[in-house]
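The values are calculated or read from the model by the stated rules, or taken from the named source; none is laboratory data. Please read all numbers here as calculations on a predicted model, not as lab measurements. Note that we place each Cβ from the backbone using ideal geometry, even for glycine, and neighbour counts take in every protein chain shown.
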Amino acid sequence: MGRRTDTPTYNCFPVDAAVSIFVNGIIGVFAGIAVLYVTMKVLALTAGRLAAGSPPRSDKN
Amino acid sequence: MAFLDQLGILAVTPGQIVMWAVGLTLVTLAIRKQYEPLLLLPIGFGVLVANLPLTELMTPEEGLIWRFYHYGVEWEVIPPLIFLGLGAHTDFGPLLSQPRLIFLGAAAQGGVYVTFFAAHAFGFTLQEAAAIGIIGGADGPTTIFLAAQLAPQLLGACAVAAYSYMALVPIIQPPIMRLLTTEQERAIKMKKARKATAREKLVFPVVAAMVIVLLVPASAPLIVMFMLGNLFRESRVVDRLTDTAQNALMNIVTIFLGISVGATMSAASFLRAEVLFIFTLGLVAFAISTASGVLLAKLMNIFTSEKINPLVGAAGVSAVPMAARVAHKVGAEADKKNYLLMFAMGPNLSGVIGTVIAAGIFLSMLQ
């Protein structure tokens, strides 16, 4: 039977873990933001277009 | 002499006296200099009273402020409620009208990860390094949210560092912005963008919450509440809820957050050399985040015909709306007719989202 441990795996190779978090973190943030960028572009193409003949909307807030 | 044993004044330690000075300094800065007074005032008072002997305010299971801290911060209730209020205050229009500026908010997380790496190299655990690195995001509630879960022993120091640097944005950022840009670049006038429609603003919080949570589930508590607050605002059918989230609720939770965080700063936990180190690393994180936002804007200018004023990249650190105002002010020094505020609000808002994503990634990898 394998020994159960509560020690996080990252504590075994801390430098590797730090590099992994560093790389994954930066890639993750840019990936998340990139997906949001695409989402906003799609929104601009769909919801961003005013219906023909409708007056431009102004914000109350 | 039981009465004498209960006299607090006889139990005062030198460390507590130093912490009184720290607490009073924060209170003074909040009142006289108006440095983030909504937070630094209750934090300073919390520091002061938590270091009065024999009060047991922070005694686990018994103390009054411990209960605020335990149920509010440790249970992850208060930071998401602050985000609800922030969402209700936020207009995503400037970001929706210029989607490309969202990348500047991602770039400004560079300081978070560089400092995380540096802090770990200097001997902090991965969890502590993450709590220190997130200071570079210049987002107080996110810093508190992450530190409370990964490194509660550093919560007070990280929170005070984050709010202090947020207050000092007009002092810290301009020299970095001037150093990395030419006069000509600072004077770049950005092309006026189209105006986002009401429908776009209405759909965005729903879609953004789904997209971000599907990608980084650990960021859900903050991003969900942020987008819910924004949906309240943009739906325009729940004015009472919007008003409550923006004002009454936000003010109430700010009181509990401030005094709870301040009270975690006991002499024993705060008067350590590593706290000074945390403040230094936090400043480094903030500076790198500012620089990386500016540098990405310059990089984008190489590939695009519509030029971006690199100063708006510095607004990619959260610190809403202070960082955007600073970008505008530094731009106006180069050209008085250059109105950068609305352009800078885009990266400023994406910085909030970027910091939440960064915190979520830390949580998912370290918790």
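Take B:MET265 and tell me if it is in contact with a helix residue (DSSP H, G or I) (Cβ under 9 Å, 6 or more places away or on another chain), crowded, with 24+ Cβ neighbours inside 10 Å and over 26 Å from B:ALA151 (Cα atoms). If you could, list the steps in order and put the result at the bottom.
Values: in contact with a helix residue (DSSP H, G or I) (Cβ under 9 Å, 6 or more places away or on another chain): yes; crowded, with 24+ Cβ neighbours inside 10 Å: yes; over 26 Å from B:ALA151 (Cα atoms): no.
No; evaluated as a whole, the condition is false for this residue.
Restricting to the stretch B:168-182, name every residue that is touching a residue at least 60 places away in the same chain (Cβ under 8 Å) and in a helix (DSSP H, G or I). Spell out the reasoning first.
To start, the set of residues in the stretch B:168-182 that are touching a residue at least 60 places away in the same chain (Cβ under 8 Å) comprises B:168-170, B:172-174, B:176-178, B:180-181.
B:VAL169, B:PRO170, B:ILE172, B:GLN173, B:PRO174, B:ILE176, B:MET177, B:ARG178, B:LEU180 - these are the residues of the stretch B:168-182 that are touching a residue at least 60 places away in the same chain (Cβ under 8 Å) and in a helix (DSSP H, G or I).
Looking only at residues that are of a type in the set (Val, Ile, Thr) and within 17 Å of the chain's Cα centre (by Cα) in the stretch B:318-360, which one is surrounded by the fewest Cβ atoms within 10 Å (Cβ to Cβ)? Explain how you work it out, then say what you get.
Taking the stretch B:318-360 as the starting set, the residues that turn out to be of a type in the set (Val, Ile, Thr) are B:320, B:326, B:330, B:352-353, B:355-357.
Next, from what is left, pick out any that are within 17 Å of the chain's Cα centre (by Cα): B:320, B:326, B:352-353, B:355-357.
On the way: B:VAL320: 20, B:VAL326: 25, B:VAL352: 27, B:ILE353: 26, B:THR355: 30, B:VAL356: 30, B:ILE357: 30.
Ranking the qualifying residues of the stretch B:318-360, first place goes to B:VAL320.
Within the stretch B:156-178, how many residues are among the polar types (S, T, N, Q) and farther than 16 Å from B:ALA30 by Cβ? Break it down into steps so the answer makes sense when it comes.
Step one: filter the stretch B:156-178 for residues among the polar types (S, T, N, Q), giving B:164, B:173.
Narrowing the set further to residues that are farther than 16 Å from B:ALA30 by Cβ leaves B:173.
Selection size over the stretch B:156-178: 1.
Which one of these is part of a helix (DSSP H, G or I), within 14 Å of chain A (Cβ to nearest Cβ) and more than 30 Å from B:ARG233 (Cα to Cα): B:GLY105, B:GLY111? Before the answer, list the steps.
Numbers: B:GLY105 fails: more than 30 Å from B:ARG233 (Cα to Cα).
Answer to the selection: B:GLY111.
Based on this model, can you work out whether B:VAL224 counts as surrounded by fewer than 21 Cβ atoms within 10 Å (Cβ to Cβ), modelled with pLDDT of 95 or more and within 14 Å of chain A (Cβ to nearest Cβ)? Steps first, answer last, please.
Working: surrounded by fewer than 21 Cβ atoms within 10 Å (Cβ to Cβ): yes; modelled with pLDDT of 95 or more: yes; within 14 Å of chain A (Cβ to nearest Cβ): no.
Judged against the criteria, B:VAL224 is not a match.
So which of B:ILE188, B:ILE259, B:ILE252, B:ILE176 ends up being more than 14 Å from every other protein chain (Cβ to nearest Cβ) and touching a Gly at 6+ places or on another chain (Cβ under 6 Å)? Write out each step before concluding.
Working: B:ILE188 fails: touching a Gly at 6+ places or on another chain (Cβ under 6 Å); B:ILE252 fails: touching a Gly at 6+ places or on another chain (Cβ under 6 Å); B:ILE176 fails: touching a Gly at 6+ places or on another chain (Cβ under 6 Å).
That would be B:ILE259, the only listed residue that is more than 14 Å from every other protein chain (Cβ to nearest Cβ) and touching a Gly at 6+ places or on another chain (Cβ under 6 Å).
Go through the stretch B:151-161 and give me each residue that's in contact with an Asp or Glu (Cβ under 7 Å, 6 or more places away or on another chain) and in a helix (DSSP H, G or I). Before the answer, list the steps.
Here is the first cut: in the stretch B:151-161, the ones in contact with an Asp or Glu (Cβ under 7 Å, 6 or more places away or on another chain) are B:151, B:154.
Passing the criteria: only B:LEU154.
Would the stretch B:185-203 turn up any residue that is buried (at least 17 other Cβ atoms within 10 Å of the Cβ) and closer than 23 Å to B:GLY360 by Cβ?
Yes, the stretch B:185-203 contains at least one residue that is buried (at least 17 other Cβ atoms within 10 Å of the Cβ) and closer than 23 Å to B:GLY360 by Cβ.
Out of all the residues in the stretch B:252-267, which are in contact (Cβ under 8 Å) with a residue 24 or more places away in the chain and part of a helix (DSSP H, G or I)?
Step one: list which residues in the stretch B:252-267 are in contact (Cβ under 8 Å) with a residue 24 or more places away in the chain, which gives B:253-267.
Passing the criteria: B:VAL253, B:THR254, B:ILE255, B:PHE256, B:LEU257, B:GLY258, B:ILE259, B:SER260, B:VAL261, B:GLY262, B:ALA263, B:ALA267.
Please pick out the residue among A:ILE33, A:ILE21 that is modelled with pLDDT of 95 or more and buried (at least 18 other Cβ atoms within 10 Å of the Cβ). Working first, answer last.
Working: A:ILE21 fails: modelled with pLDDT of 95 or more.
Answer to the check: A:ILE33.
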